[in-house]
1. Identify the single condition in (1) in a strand (DSSP E or B); (2) open to solvent by 50 Å² or more (accessible area, probe 1.4 Å) that Asn129 does not satisfy, given that it satisfies every other one.
2. Just to verify a result, which residue in segment 80-89, among those that are hydrophobic (A, V, I, L, M, F, W, C) and without any contact (Cβ under 8 Å) to a residue 60 or more places away in the chain, is surrounded by the most Cβ atoms within 10 Å (Cβ to Cβ)?
3. For segment 158-182, what are the residues that are assigned to a helix (DSSP H, G or I), more than 21 Å from Tyr23 (Cβ to Cβ) and among the polar types (S, T, N, Q)?
4. Arg288 - would you say it is without any contact (Cβ under 8 Å) to a residue 60 or more places away in the chain and in contact with a strand residue (DSSP E or B) (Cβ under 6 Å, 6 or more places away or on another chain)?
5. Could you check how many residues of segment 107-118 are in contact with a strand residue (DSSP E or B) (Cβ under 6 Å, 6 or more places away or on another chain) and within 29 Å of Ala184 (Cα to Cα)?
6. If I go through segment 287-318 residue by residue, how many of them are closer than 16 Å to Thr245 by Cα and either part of a strand (DSSP E or B) or open to solvent by 30 Å² or more (accessible area, probe 1.4 Å) (or both)?
7. Tally time: how many residues in segment 29-49 are in a loop (DSSP other than H, G, I, E, B), loosely packed, with under 15 Cβ neighbours inside 10 Å and out of contact with any helix residue (DSSP H, G or I) (no Cβ under 7 Å at 6 or more places or on another chain)?
8. Of all the residues that make up segment 144-177, how many are in contact with a His (Cβ under 8 Å, 6 or more places away or on another chain) and of a type in the set (Lys, Arg)?
Amino acid sequence: MALLPRFDTPASLRDLPAGSPFYDNWNRFVGDRIAPHTPGSGGGEFYDPTEVNVDVIAEHSLVWMGFPRALLVAANRDDRRASFIAGENRDVQEEYCEWRVTRAASGKITKVVFVTETPEYYEQLWAVNPEGRAAVVALYRTHVNPAVVEADLHTGGVYDRRNRWNTTDGIIHFIQRINTLSAALGLAQGSVNSGGARDNYEASPGPSTSVDPRVAMDIGSLARKGLSITLRDPIGLYITGFDDTGWTKPDGSPVDNYWSITRGVAGQILRLEYEVPAGEGFVVGDIRIGGRPIEFGGQVAEHVTCTIGGVAGRSVGR
């Protein structure tokens, strides 16, 4: 397999015209965070596909649940309602998946929006001035609120990850402190040295998230086989699945398809919305999962799966 010419944007997004310096900047940003060659302590390596030539023999999708595992099995393991209440705080949504609910005056949920976009993408886009700033504003207006203006999104010219339209009044990308592309790349590279006793998922002594031990176990096991491993281009955190099997309308009949992919594509979803069309006569909060009405976004998040793609092979000439 030939060397990757450059790192593409997540889901091959094209938020600026071809030829914009943004695409070279993004390639450089990702490349600066991946070492050309990271040897594994048990064999194998993590590699930069733009620097190291590898004959790829397999691809593997690392998959985990969107709802924070720690809330279910540690903090509130005997109280699911408490888990869902806690999970509404985006600062604890640590599985590279964040969501926000919209409620009617009655308190019932009318919409749940999930995102897996990283703040670094928006910062890199913002830095290409003025067209990059205009593109960021346009994205906020399209996906959050038409009332957004440029002044809302920065402080002293510096893009503000936690601006009002990405916190109190909306959602467009991650804000949780460890939900960054840099952290994901660091986790993947570090996992080639995850040790020799990580085949038991629950026995992992590391973080209590779903994603960290999942990545460490999968990449570590491949590295111990002597394989060269990297992340599949376009590198990104994605929603890969959503399952409403068994969910029911107020009359007890199965729900229709109320999911909408509003950014990204199937298999590489960056923004996913769940909302009942107005003509149905009911809202998300009237739908039942396992006989219980949807009161919290976390009940939906339990049925959303996230992924990052990996590839493995044998390095050429190493």
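1. (1)
2. Ala86
3. Scanning segment 158-182 gives a single hit, Asn166.
4. yes
5. The qualifying residues number 7.
6. 10
7. 2
8. Total satisfying the criteria: 1.
The values are calculated or read from the model by the stated rules, or taken from the named source; none is laboratory data. This is a predicted model, so every value here is computed, not measured. Every residue, glycine among them, receives a Cβ derived from its backbone with ideal geometry; neighbour counts consider all protein chains shown. With ligands, DNA and RNA removed, areas are computed over all heavy atoms of the protein, side chains included. Shrake-Rupley method; radii C 1.70, N 1.55, O 1.52, S 1.80 Å.
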